[in-house]
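Novice: Can you read through this structure? Questions will come right after.
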Amino acid sequence: MKTCIQLISLFIFTFTLGCKTKSGTPDTPPSSTVQEDMTEDAGSTPEVVVDTRTDEHKDMDVICDEITALVALEQGYADVIEEGRQKVMYMRVFQQLQTEGVYNLWRAMETTEPPERYELLISTADYMGIKGWTCPPIKELWP
């Protein structure tokens, strides 16, 4: 089964190499987002935080953030009937994804057996160059 998951991951990654992002613009190297953290002390200089994650890494983090919120019943998930929570989570993730590779991965998740989803996410992240990516709440959602 692990070989099958690795082949699916490789297919998704290979298929999306050189593809355009969902917005229609060509894939670009990792972007850097600069955020200034203003402290309350007027005399201090702002702290600059640089986000060097790739767009794919950001999308994988979107998936983890939504799964984390679902498991913790935060961000409105407690108000959704139990049978509809995962459907809401899938829709929220689809709305936030920016890269075609992770979008295709998330589409494949819907037809993947729950026990195999964690390994599929981890191995695809690895193929995309996101070494060491993990999301423990996934194992709670899909044991």
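Novice: Under the condition of being small (Gly, Ala, Ser) and touching a residue at least 24 places away in the same chain (Cβ under 8 Å), which residue from segment 73-121 is farthest from Lys139 (Cα to Cα)?
Specialist: Gly101
Novice: Residues that are surrounded by fewer than 17 Cβ atoms within 10 Å (Cβ to Cβ), in a helix (DSSP H, G or I) and not hydroxyl-bearing (Ser, Thr, Tyr): does segment 40-60 have at least one?
Specialist: Within segment 40-60, not a single residue is surrounded by fewer than 17 Cβ atoms within 10 Å (Cβ to Cβ), in a helix (DSSP H, G or I) and not hydroxyl-bearing (Ser, Thr, Tyr).
Novice: Right, something else. Name every residue in segment 66-88 that is farther than 25 Å from Gly129 by Cα and either surrounded by 20 or more Cβ atoms within 10 Å (Cβ to Cβ) or among the small types (Gly, Ala, Ser) (or both), in order of residue number.
Specialist: Residues of segment 66-88 farther than 25 Å from Gly129 by Cα: 69-88.
Answer for segment 66-88, where residues must be farther than 25 Å from Gly129 by Cα and either surrounded by 20 or more Cβ atoms within 10 Å (Cβ to Cβ) or among the small types (Gly, Ala, Ser) (or both): Ala69, Leu70, Ala72, Gly76, Ala78, Gly84.
Novice: On to the next question. Mind counting the residues in segment 133-143 that are under 18 Å from His57 (Cα atoms) and not in a helix (DSSP H, G or I)?
Specialist: Going through segment 133-143 one residue at a time, the tally reaches 4.
Novice: Another one. Just need a number here: residues in segment 82-127 that are among the β-branched types (Val, Ile, Thr), within 12 Å of the chain's Cα centre (by Cα) and not in a helix (DSSP H, G or I).
Specialist: Residues of segment 82-127 among the β-branched types (Val, Ile, Thr): 88, 93, 99, 102, 111-112, 122, 124.
Those left that are additionally within 12 Å of the chain's Cα centre (by Cα): 93, 99, 102, 122, 124.
The next check asks that each one be not in a helix (DSSP H, G or I); those that pass are 99.
The total comes to 1.
Novice: Being in a loop (DSSP other than H, G, I, E, B) and surrounded by 11 or more Cβ atoms within 10 Å (Cβ to Cβ) narrows it down to one of Ile130, Ile63, so name that one.
Specialist: Residue meeting the stated conditions: Ile130.
Here, each number is a calculation from the coordinates, and none is a lab measurement. Bear in mind the structure is a predicted one, so any value in this text is a computation, not a measurement. Don't worry about glycine lacking a Cβ; one is built from the backbone with ideal geometry, like all the others, and counts go over all protein chains shown.
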